[in-house]
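Working notes, structure below.
The values are calculated or read from the model by the stated rules, or taken from the named source; none is laboratory data. What you see is a predicted model, and the numbers here were worked out from it, not measured in a lab. For neighbour counting, all protein chains shown are included, and Cβ atoms are generated from backbone atoms with ideal geometry for every residue, glycine included.
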């Protein structure tokens, strides 16, 4: 990959990559860091990665970096988050986007990731499998389960009212 192809890749995919990571971790600063790390990794391997494979390489690298960061934070724990959950209250009204975002946070990481890659980013099953390190049939199962959970969660009247 040449420098021009690298710059073109940054222009084409930076927003999609940021949006994908942000939907998963809900923290804009961490999402920016992960995207920056991803482009740094791509730059270090610029001679090894072909421009046709750059998008897949970036999403795979970003996904793995995000998972590593999430695992590190789970081990360390965050006291401010624990206090936020204890102080939360039930809301009487919520629009559908808020309900969907809340439902997405309740999904297991792998289900949320494959669902976002499929429905938000438009990847096919094979590409998602390559990015997440899963087989195509595993991807289909996770997406089916995630959609079933979302259907049941949003369909429950107490979540909508």
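Could we say that residue 121 is modelled with pLDDT of 80 or more, surrounded by fewer than 18 Cβ atoms within 10 Å (Cβ to Cβ) and either closer than 30 Å to residue 40 by Cα or in the same structural domain as residue 24 (by TED's automatic domain parsing) (or both) here?
When the stated conditions are applied, residue 121 passes them.
Looking only at segment 38-57, count every residue that is under 16 Å from residue 131 (Cβ atoms) and in a helix (DSSP H, G or I) and tell me the total.
Counting residues in segment 38-57 that are under 16 Å from residue 131 (Cβ atoms) and in a helix (DSSP H, G or I) gives 9.
Residues in segment 125-158 that are closer than 21 Å to residue 38 by Cβ and not in a helix (DSSP H, G or I): how many?
Within segment 125-158, residues that are closer than 21 Å to residue 38 by Cβ and not in a helix (DSSP H, G or I) number 2.
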